[in-house]
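Written out below as structure tokens is the structure these notes cover.
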Amino acid sequence: MIIRSPMHIKKSIYFTAISALALLTACSADPESDAPQLYVNSCSWCHNEGTGGAPVTGDKEEWERRTAKGMAKVYANAIDGFEGATGIMPGKGSRKDLTDQQVKELVDWMVQAPYQPYEDQ
């Protein structure tokens with residue numbers, strides 16, 4: 001039977017946690033390339049049709065009104081949430097698992113996307 005000291009156990013846990021974090025970071029996909037799929041799974045519910053005052057993806061005029069305040073403000077509203085006269089935006093679209101960087105890249109993607117009104121198929 002091997003008896004390990006509490007310090008040895010703490011070091012083992014620490015290195016296991018660091019190794020797991022490194023593995024997750026190395027294996028995670030580039031958020032920018034994930035933007036279209038993340039949009040479909042997370043943002044399209046509101047941003048396809050403008051539900052709750054959401055700017056429709058690719059609607060240049062609507063996004064220009066938002067971005068005129070500066071992208072820092074748009075990012076902050078998308079990350080932290082917003083409720084006002086123009087509508088409501090839950091923080092990170094209620095996807096708390098997304099990183100701030102992923103949310104910023106999603107916003108950039110929606111602003112740049114070509115306007116294609118949603119149609120039932």
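Brief remarks follow.
- Over the stretch 34-112, the Kirkwood radius and the radius of gyration, each from Cα atoms, give a ratio Rg/Rh of 0.91.
- Near the amide H of residue 89, within less than 5 Å, lie the amide hydrogens of 82, 83, all on another chain or at least 5 residues away, with H placed in the peptide plane.
- Relative contact order [Cα under 8 Å, 6+ residues apart], the stretch 34-112, whole percent: 32
- Order of 89, 71 under a 10 Å beta carbon neighbour criterion, fewest first: 71, 89
- Relative exposure of 65, 95, judged by other C-beta atoms within 10 Å (fewest first): 65, 95
- Net charge of neighbours whose Cβ lies under 14 Å from the Cβ of residue 63, counting Lys and Arg as +1 and Asp and Glu as -1: 0
- Label-to-label distance, residue 108 versus residue 40, with points set 7 angstrom from Cα along the beta-carbon direction: 2.2 nm.
- Using the Cβ of residue 113 as centre and a radius below 11 Å, the other residues enclosed give a net charge of -1, where K and R count +1 and D and E count -1.
Every read-out reported here was derived from the displayed coordinates using simple, explicitly stated rules and does not represent laboratory data. Predicted model only: the values in this text are computed from it and were never measured. Backbone-built Cβ (ideal geometry, glycine too); neighbour counts: all protein chains shown.
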